[in-house]
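Only one structure is covered here, and it is reproduced in the block below.
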Amino acid sequence: MSTTKKDIRALTKEQLRDFFVDQGDKAFRGNQVYEWLWQKSAHSFEAMTNISKETRQMLEDNFVINHIRVDTMQRSADGTIKNAVQLHDGLIVESVLIPTKTRTTACVSSQVGCSLDCRFCATARLKRMRNLNPDEIYDQVVAIDNESRLYHNRPLSNIVFMGMGEPLMNYNNVLKAIDKITSDDGLGMSPKRIVVSTSGVPKMIKKMADDEVKFKLAVSLHSAIDEVRTTIMPFNETFPLADLREALEYWYTKTKNRITYEYVVWKDINDKRKDVDALVQFCKFAPSKVNLIEYNPIDDGEFQQANSEAIDMYKNILEANNITVTIRRSRGKDIDAACGQLANKS
Ligand code: SAH
């Protein structure tokens, strides 16, 4: 019986208004329910206290609310929180709250597992089971916003799509979720505080530019030399650097938004002068920022973080070429919540 009921949050506000009119009720009732579903993030129809009992029952008979459930929450010594989130079909994804002095960032998942094959990433070892729906992405953000208020006495300030999955391979749902997150009917957050991180799907980067999205773009580059990048991110064979770069130029021309690159420096993989030079060449066409991310070991020592001289070399040469550099320390390592460690282990 319940399988035939529709997910009410798959309806737009207009569709919900029409539904109530079809039921002989007022369109306005649709607004009220919509507000409960999104702004108030109601988990049940029962909670909708300004809606009559009969109407709530009627909704119950027709629809379900597939709200996520935070299954386990782990807190790191550094304040980072990791949620293992259960979806309506029992699958699990993870999301992370990362507090700093000035902000609280939610790191959210866009897919269950990942279809890409980055050799250094724990999520890549999980099969991609399915895409997340917009409401499942939205719910992760709401859960973290609540935790931020509860444990850090302030609302969530930023969102990064750097959890499990490749957001640009679930583009439509990610966009719908961001629409809800940024709309006044939802959380009313500024798109400037949202970063979508991609391993680099050229066609979708161009589409984002055409769609004139207002959020920021980060690209997990890790190497600007094809042979190297293909060894660590094998899908680079399908989406080679020339195509990626062409797509990014297109993005920059249309949006005039600076591009951020995420980059881990590994011993004996990309820690030489030629690697930095290639990166400088790659970035040249637009104002760029490089985030040098600390490597979070996921296994057997096949990958090792480069030494600090190599990191300094990157920093110095990039800065000499007017490229902004930040060195990002990992957070939440003790609970496997850092970049690349999300693997549903607990
Ligand atoms: N698929 C998207 C979103 C995942 S973001 C993307 O690739 O951008 C996760 C970020 O962490 C990416 O920049 C990824 O390259 C990086 N990462 C993956 N494994 C890592 C690890 N073990 N240590 C540090 N960073 C890692």
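The values are calculated or read from the model by the stated rules, or taken from the named source; none is laboratory data. Keep in mind it's a predicted model, so treat the numbers as computed, not measured. Methodologically, a virtual Cβ is constructed for each residue, glycine included, from the backbone with ideal geometry; neighbour enumeration extends over all protein chains shown.
Could you please find all residues in the stretch 184-203 being surrounded by fewer than 21 Cβ atoms within 10 Å (Cβ to Cβ) and under 21 Å from Ala124 (Cα atoms)?
Val195
If Leu318 passes every condition in (1) assigned by the TED database to the domain that holds Asp78; (2) under 25 Å from Ser109 (Cα atoms) but one, which one does it miss?
Failed condition: (2).
Would you please name the residue that is surrounded by the fewest Cβ atoms within 10 Å (Cβ to Cβ), looking only at residues in the stretch 78-116 that are in contact with a strand residue (DSSP E or B) (Cβ under 9 Å, 6 or more places away or on another chain) and charged (D, E, K, R)? Full working, then the answer.
Just the residues of the stretch 78-116 that are in contact with a strand residue (DSSP E or B) (Cβ under 9 Å, 6 or more places away or on another chain), to begin with: 78-89, 91-99, 103-113.
Next cut, charged (D, E, K, R) only: 78, 82, 89, 94, 103.
Values: Asp78: 16, Lys82: 26, Asp89: 9, Glu94: 26, Arg103: 14.
Going through the qualifying residues, I end up with Asp89.
Does any residue of the stretch 192-214 turn out to be touching an Asp or Glu at 6+ places or on another chain (Cβ under 9 Å), part of a loop (DSSP other than H, G, I, E, B) and among the polar types (S, T, N, Q)?
So far as the stretch 192-214 goes, yes, one or more of its residues are touching an Asp or Glu at 6+ places or on another chain (Cβ under 9 Å), part of a loop (DSSP other than H, G, I, E, B) and among the polar types (S, T, N, Q).
Taking the stretch 227-245, which residues are outside any helix (DSSP H, G or I) and farther than 14 Å from Phe303 by Cα? Spell out the reasoning first.
Narrowing the stretch 227-245 to residues outside any helix (DSSP H, G or I): 233, 238-240.
If the condition is that a residue be outside any helix (DSSP H, G or I) and farther than 14 Å from Phe303 by Cα, then Thr238, Phe239, Pro240 are the ones that fit.
Please verify whether the stretch 283-292 includes one or more residues that are under 23 Å from the mean Cα position of the chain (by Cα), of a type in the set (S, T, N, Q) and under 18 Å from Arg229 (Cα atoms).
Looking for residues that are under 23 Å from the mean Cα position of the chain (by Cα), of a type in the set (S, T, N, Q) and under 18 Å from Arg229 (Cα atoms), one finds at least one in the stretch 283-292, hence yes.
Taking Ile181 as the residue in question, decide whether it is away from the ligand (no atom under 14 Å from the Cβ) and crowded, with 20+ Cβ neighbours inside 10 Å. Let's see the steps before the verdict.
On the way: away from the ligand (no atom under 14 Å from the Cβ): yes; crowded, with 20+ Cβ neighbours inside 10 Å: yes.
So Ile181 passes the test.
Among Ala177, Ala77, which is the only one that is out of contact with any Ser or Thr (no Cβ under 7 Å at 6 or more places or on another chain), within 30 Å of Phe239 (Cα to Cα) and small (Gly, Ala, Ser)? Write out each step before concluding.
Working: Ala77 fails: within 30 Å of Phe239 (Cα to Cα).
Criteria check complete, one pass: Ala177.
Taking the stated definitions as given, is Phe45 aromatic (Phe, Trp, Tyr) and either modelled with pLDDT under 95 or in contact with a strand residue (DSSP E or B) (Cβ under 6 Å, 6 or more places away or on another chain) (or both)? Break it down stepwise before answering.
Numbers: aromatic (Phe, Trp, Tyr): yes; either modelled with pLDDT under 95 or in contact with a strand residue (DSSP E or B) (Cβ under 6 Å, 6 or more places away or on another chain) (or both): no.
Against the criterion (aromatic (Phe, Trp, Tyr) and either modelled with pLDDT under 95 or in contact with a strand residue (DSSP E or B) (Cβ under 6 Å, 6 or more places away or on another chain) (or both)), Phe45 does not qualify.
In the same structural domain as Ser157 (by the TED database) and more than 20 Å from the chain's Cα centre (by Cα), is that true of Glu212?
Working: in the same structural domain as Ser157 (by the TED database): yes; more than 20 Å from the chain's Cα centre (by Cα): no.
So Glu212 fails the test.
Okay, residues lined up against (1) without any contact (Cβ under 8 Å) to a residue 60 or more places away in the chain; (2) assigned by the TED database to the domain that holds Arg128; (3) on the phi < 0 side of the Ramachandran plot:
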| residue | (1), (2), (3) |
| --- | --- |
| Trp38 | no, no, yes |
| Thr49 | yes, no, yes |
| Lys53 | yes, no, yes |
| Gln74 | no, yes, yes |
| Thr80 | no, yes, yes |
| Leu97 | yes, yes, yes |
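Please pick out the residue among Asn307, Asn291 that is touching a Ser or Thr at 6+ places or on another chain (Cβ under 8 Å) and not β-branched (Val, Ile, Thr).
Working: Asn307 fails: touching a Ser or Thr at 6+ places or on another chain (Cβ under 8 Å).
Sole residue among the options that is touching a Ser or Thr at 6+ places or on another chain (Cβ under 8 Å) and not β-branched (Val, Ile, Thr): Asn291.
Pairs, please: C-beta under 7 Å, at least 6 apart or cross-chain, first residue assigned by the TED database to the domain that holds Ser115 and in the stretch 234-246, second in a helix (DSSP H, G or I) and among the β-branched types (Val, Ile, Thr)?
Partner pairs satisfying both residue conditions: Asn236/Thr230; Glu237/Thr230.
Among the residues of the stretch 1-51, write down those that are surrounded by fewer than 17 Cβ atoms within 10 Å (Cβ to Cβ), within 22 Å of Ile137 (Cα to Cα) and of a type in the set (Ser, Thr, Tyr).
Once the filter is applied, which keeps residues that are surrounded by fewer than 17 Cβ atoms within 10 Å (Cβ to Cβ), within 22 Å of Ile137 (Cα to Cα) and of a type in the set (Ser, Thr, Tyr), the stretch 1-51 yields Thr3, Thr12, Ser44.
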